[in-house]
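The values are calculated or read from the model by the stated rules, or taken from the named source; none is laboratory data. All values reported here derive from a predicted model rather than from experimental measurement. So basically every Cβ, Gly included, is an ideal-geometry build from the backbone, and we count neighbours across all protein chains shown.
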Amino acid sequence: MSDFARLVPVIVAAGLAAGGQDEIKELYDTSVDMAWVVVARVEVAGITTVVTTQAAADNLPRDLEYGFAAFINEHLHKPDGSDASHDPWGDPYRFRATAEAYEVRSSGPDGVWESDDDLVSTIPRK
């Protein structure tokens, strides 16, 4: 067990004893948000690997921006069986192709596209 895991009960007990339920909830919410960001980064990396592999084999569908969800679900599967084309916050991953690169994007925790917390992977085109 990690040192952090051992300290959690102590932190919770100290917070409750001090009447800090709001602080405990905030700590919990922050920890959960951080965990979802890690999950989304891993998923974006997996999608990036699939896009890179399929692009190298010249197997990317021409209309991938419109059929990205089906493409992701064809190539990736989440351990819990949920839809692999959606990030941990329930928003779809997006794909964009430009002349220079492919882009895989999650709208991040705020659910707003093109904001500072988006998770983005850019794959240069060859």
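Quick look at the values:
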quantity: Residues of region 87-104 classified as closer than 19 Å to Val38 by Cβ, touching a helix residue (DSSP H, G or I) at 6+ places or on another chain (Cβ under 8 Å) and not aliphatic (A, V, I, L, M), total; calculated: 4
quantity: Residue selected from region 61-72 under the condition outside any helix (DSSP H, G or I) and in contact (Cβ under 8 Å) with a residue 24 or more places away in the chain, by the criterion farthest from Arg94 (Cα to Cα); calculated: Leu64
quantity: Residue list for region 99-126, filter: over 16 Å from Ala45 (Cα atoms) and among the hydrophobic types (A, V, I, L, M, F, W, C); calculated: Ala99, Val112, Trp113
quantity: Any pair with Cβ under 8 angstrom, 6 or more apart, that starts in region 29-54 at a residue that is farther than 22 Å from Asp110 by Cα and ends at one that is assigned to a helix (DSSP H, G or I) and of a type in the set (A, V, I, L, M); calculated: Val50/Ile72
quantity: Asp118, sole failed condition from (1) without any contact (Cβ under 8 Å) to a residue 24 or more places away in the chain; (2) closer than 16 Å to Thr48 by Cβ; (3) more than 10 Å from the chain's Cα centre (by Cα); calculated: (3)
quantity: Qualifying residue in region 72-84 (condition: of a type in the set (Gly, Ala, Ser), in contact with a helix residue (DSSP H, G or I) (Cβ under 9 Å, 6 or more places away or on another chain), on the phi < 0 side of the Ramachandran plot and at pLDDT below 90); calculated: no
quantity: Count - residues of region 73-97 that are aromatic (Phe, Trp, Tyr) and either loosely packed, with under 14 Cβ neighbours inside 10 Å or part of a loop (DSSP other than H, G, I, E, B) (or both); calculated: 2
quantity: Test for Glu100: is it surrounded by fewer than 11 Cβ atoms within 10 Å (Cβ to Cβ), of a type outside the set (Gly, Ala, Ser) and either modelled with pLDDT of 95 or more or touching a Pro at 6+ places or on another chain (Cβ under 8 Å) (or both); calculated: yes
